[in-house]
1. What lysines could a cross-link reach from LYS216, if we take a straight Cα to Cα line under 16 Å and drop same-chain neighbours fewer than 8 places away?
2. Given R₀ = 51 Å, what would the calculated FRET efficiency be for THR326 paired with GLU478, taking r from the Cβ atoms and rounding to 0.05?
3. The range 1-94: which trypsin sites (Lys or Arg not before Pro) are DSSP loop and have at most 10 other beta-carbon atoms within 10 angstrom?
4. Net charge around SER212, counting only other residues with Cβ within less than 12 Å of its Cβ (Lys, Arg = +1; Asp, Glu = -1)?
5. For the range 364-449, just run the numbers: alpha carbon Rg, then divide by 2.2 N^0.38 Å, N being how many residues it has.
6. Do any of LYS28/LYS51; LYS166/LYS473; LYS166/LYS470; LYS363/LYS447; LYS359/LYS481; LYS140/LYS471 go past 25 Å between their Cα atoms, and which?
7. Loop only by DSSP, 15 or fewer other Cβ within 10 Å of the Cβ. Give me the GluC sites (Glu not before Pro) in the range 1-57 that pass, ordered by residue number.
8. Rg over Rh of the range 161-293, using C-alpha atoms and the Kirkwood radius, what does it come to?
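Derivation of every value follows stated rules applied to the coordinates shown; laboratory data play no part. Remember, it's a predicted structure, so these values are computed and weren't measured experimentally. When we count neighbours, we look across all protein chains shown, and the Cβ atoms used for this are built from the backbone with ideal geometry, even at glycine.
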Amino acid sequence: MTERHDTYQNPLGDRYAGPEMARLFSDKNRHTTWRRLWIALAEAEQELGLKNITRAQIDEMRRNQDDIPYDQIRRLEAKIKHDVMAHLRVFGDQCPTARPIIHLGATSAYVLDNTDLIIMRNALEIIRQRLVGVIDALSKQAATHRDLVTLGFTHYQPAQLTTVGKRVCLWLQDFLLDLEELEYRVETLKFRGVKGATGTQDSFMALIDGDSGKVKRLEQLVAEKMGFSASYPVTGQTYSRKVDSQVLALLSGIAQSAHKFSNDIRLLQNLREAEEPFEAEQVGSSAMPYKRNPVLSERIASLARLVMCGSLNPVFTASGQWFERTLDDSANRRISIPEAFMATEGLLNLVHNIAAGLKVNPKIIERHVRDELPFLATERILMAAVKAGGDRQALHERIRLHSMEAVRLIKEEGKDNDLLDRIANDLEFPAVTGRGQLDLDKVLEPKNFIGRAPDQVDDFLKDTVAPVLKKYKDLIEEPVKLTV
């Protein structure tokens with residue numbers, strides 16, 4: 001493809017989405033699908049007994065299906081201001097024998113809407129493959145780090161301990177929920193069908209001599225020829241725009257999961273506990289050569305914001321339709337639907353790369369755990385000291401005072417956490433002054449503070465994740481190579 005540098009190019013196609021997704025939403029694929037729909041309609045009408053449609057006409061249409069003279073179509077559209085009619089007339093010129101029967105009984109929405117549904121279904125299959133790749137990569141990280149103790153955060157403040165693997169499972173579960181929603185959307189997405197100008201199928205009733213059963217069979221035949229098992233039972237001129245809203249809500253959900261993931265990676269990279277992949281010749285900053293900026297995660301956040309905001313477009317479109325249809329959806333849908341799919345694929349490719357190449361730094365994690373563990377251990381120290389004969393209320397106050405002073409020294413003087421030394425030297429604590437049963441080394445073993453986290457990881461991977469990966473084993477692939 002010749003590069004164009006003198007006019008705007010959408011970066012979703014140039015930089016982020018894969019070539020397969022870009023091809024799906026290309027003019028060539030869209031307009032070839034229009035022609036396939038015209039052929040399927042003619043075939044079905046012939047099969048139901050319309051004698052003025054011949055096999056020779058259908059064969060002529062097939063021979064010209066992929067030959068689309070765009071320059072000729074654009075010149076005609078500029079005159080008549082109707083894209084479907086421009087394509088229809090040019091296709092008729094290419095197929096002079098078939099011209100009288102192309103688009104017979106149909107309205108523009110027959111090719112426009114059915115094509116959109118075909119493209120969206122195929123695009124969802126690409127998104128499914130990208131999701132499965134992410135789930136596979138994250139599951140491996142979860143298994144690898146199932147029992148690596150790390151500091152958990154609530155409100156981005158140190159909380160109880162967890163494990164790196166358990167945290168990965170939180171990301172993983174979000175993407176699994178997205179996959180469940182995607183499966184439902186793929187299973188329930190239907191064909192618009194052959195419904196006529198306002199959805200009543202009146203034109204087809206006239207063609208087939210008022211035979212309602214044959215009209216129903218016509219719709220079924222066309223749907224099957226285009227790979228659908230069912231059509232929406234009722235439509236206006238268009239299928240309900242609520243379908244677009246539901247599909248883009250799914251993409252928004254994927255973007256939400258990815259954005260949350262990217263936020264956590266950026267925070268972890270600041271803590272130096274984990275880092276996204278950084279290539280040998282990669283430049284982190286034009287001014288600061290030492291920088292390793294989390295640019296992949298930041299790009300995820302950028303694209304996710306586009307998808308989440310863009311998912312509102314079909315919301316307003318669906319709510320703003322008048323009766324059987326208005327045309328104020330057309331220009332918006334040409335932009336919002338392709339961009340949502342391409343951006344979603346782009347951000348999933350980024351998530352997959354980070355998940356597969358995530359670098360975890362156990363020593364930094366261990367240091368952070370060690371710094372905070374004395375505070376986390378105070379409840380157990382308190383319980384042991386009470387068992388050794390201490391006064392619970394008095395000891396609680398002593399721990400509070402020692403904790404406040406330890407925090408002050410850390411924050412104001414940059415000293416190490418000396419809370420345990422303070423408690424050990426406090427004669428009010430028989431459990432740590434030789435008269436009690438408390439073994440501080442044992443109490444301060446981090447794995448004593450993670451509950452069932454490793455078991456939760458094992459159970460989750462075995463019971464929830466493994467069946468999904470087995471089901472989609474043929475979709476698992478290595479991360480796509482990022483070019484920027």
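1. Correct list for LYS216: LYS190, LYS195, LYS225.
2. Step by step, r from the Cβ atoms, then E = 0.65.
3. Here the sparse-neighbourhood loop sites are ARG4, LYS51, LYS81.
4. Summing Lys and Arg as +1 and Asp and Glu as -1 gives -1.
5. In units of the 2.2 N^0.38 Å rule of thumb, it is 1.06.
6. Over 25 Å Cα-Cα: LYS28/LYS51.
7. Counting only loop positions with at most 15 other Cβ atoms within 10 Å, the GluC sites (Glu not before Pro) in the range 1-57 are GLU3.
8. 1.29
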